[in-house]
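Single-structure report; data block below.
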Amino acid sequence: MLELQLEKAELKTVNGHRYYVFPAPPTHTNQNNRPQQYADVKKLKTYMGRGSNSVARLHPDVLAPADLLMTALRDYGTQIDDWSLSSAVIHNGYRPDDATQGANYLRIIKLKIAENNPPVFPKGLTFPSNLEADAQGVLGKRGDQRREAFRLNVAGSPGWTQALMQELFNRVDRDYAPRGFNPHSTGYVFDLDFSIYYCGQEKKNKTCVDRERMVGTDTHYNGFALRSAVGMWLNTHAMHFGFDSYDTSAEVFHLEYRK
């Protein structure tokens, strides 16, 4: 049985749901054997195994391993009575590498500049408007000449420097990929969704209020997701089933089949 050290966790109850909340664990990255070849859409199948939402489409090779992972994960949730594990579903799978991908990449770029967390971008700095079309185009994986030329053009734009450009894309690339390198387009990748406990700040006296919500693949909640029983289990045991995230500190819920 792939278990967790429950004695290290704090047990929280919200709306009758039990959550084991762990100390923040060491995270890891994994760039080995990441899926790259885009799927033949005609061969994709809707995942109907354990934890299905009856929507996510995956490559046929992934269906059985995904079911094994989800069965082990959810069975453990039943065993320890943890709602994060018991609520887990495969939220999405295949996503086409189309104009929507490019538009979202540009949106994430602008969002990271606006958030400026931690602060590094000068006040009033914006993304160069003349490069918006390029940002939404096919840029490929890291090292691709198109992607490198795009990054150099950003660095050479008014108000920008090489260091600011590098910092921007360090933040962006942790959350989203440009067109031409979209792992979800391979059919070998899916995101989990599950309920998490989180501490909501009560504005009046700045105290912690126990709350719950679905992660919804929102990277802003990855820290809470990572400390949940699901996050701990994936961070520790997902590779037993051939799955792993590219970076659990960014998206512990993002799983790529590495076999």
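What follows is calculated from the coordinates using simple rules that are stated; it is not laboratory data. None of the values given here were measured: they were computed from a predicted structure. Cβ coordinates were reconstructed from backbone atoms using ideal geometry, including for glycine residues, and neighbour counts include every protein chain displayed.
Cβ crowding within 10 Å, taken as a proxy for footprinting-reagent exposure, orders 237, 184 from fewest neighbours to most as 237, 184. A simple rule links phi to the HN-Hα coupling: the Karplus curve 6.51 cos²θ - 1.76 cosθ + 1.60 with θ = phi - 60°, which for region 40-51 gives 7, 4, 5, 8, 5, 10, 6, 6, 10, x, 4, x Hz, with x for Gly and Pro. Listed cross-link partners 110/141; 45/110; 8/141; 8/110; 45/112; 110/259 are compared with a 32 Å cut-off, the Cα-Cα value being larger for 45/110; 8/141; 8/110; 45/112; 110/259. Summing Cβ point charges (Lys, Arg +1; Asp, Glu -1) relative to the Cα centre of the chain gives a dipole of roughly 460 debye.
Using only the Cα atoms of the chain, build the gyration tensor, take square roots of its eigenvalues as a ≥ b ≥ c, and label the shape rounded, prolate or oblate: rounded if a/c is under 1.5, else prolate if a/b is larger than b/c, else oblate. Since a/c reaches 1.5 but b/c is at least a/b, the shape of the chain is classed as oblate. Residues whose amide H falls under 5 Å from that of residue 14, counting only those 5 or more places apart or on a different chain, are 19, with hydrogens built in the peptide plane. Between residue 129 and residue 144, full extension at 0.36 nm per residue minus the direct alpha carbon distance yields a gain of 3.2 nm.
If one takes the longest principal axis of the Cα atoms in the chain, at what angle in degrees, from 0 to 90 and to the nearest 10, does the Cα axis of helix 145-155 lie? That helix lies at roughly 70 degrees to the long axis. Restricting region 1-69 to GluC sites (Glu not before Pro) that sit in a DSSP loop and have at most 14 other Cβ atoms within 10 Å of their own Cβ leaves 3. With both labels modelled 7 Å from their Cα along Cα-to-Cβ, the residue 27 to residue 79 distance reads 2.8 nm. With the simple spin-label model, which puts each label point 7 Å out from Cα in the Cβ direction, the residue 64 to residue 42 separation comes to 2.5 nm. For region 110-127, the Karplus equation 6.51 cos²θ - 1.76 cosθ + 1.60, evaluated at θ = phi - 60°, returns couplings of 5, 5, 5, 5, 5, 5, 6, 10, x, x, 8, 8, x, 4, x, 5, 10, 6 Hz by residue, with Gly and Pro reported as x. Result for the chain in a Gaussian network model with C-alpha springs under 10 Å: among 132, 212, 115, the largest mean-square fluctuation is at 115. Among 240, 28, sorting on how many other beta-carbon atoms sit within 10 Å of each Cβ, with the fewest leading, yields 240, 28. Couplings for region 244-257, taken from phi via the Karplus curve 6.51 cos²θ - 1.76 cosθ + 1.60 with θ = phi - 60°, read 6, 7, 6, 6, 6, 6, 9, 8, 5, 7, 8, 10, 10, 7 Hz in order; Gly and Pro are left as x. Under the simplified labelling scheme, the residue 100-residue 10 pair shows an inter-label distance of 3.9 nm, with each label point 7 Å from Cα along Cα→Cβ.
Cβ-to-Cβ counts within 10 Å put 172, 189, 41 in ascending order as 41, 172, 189, the fewest first.
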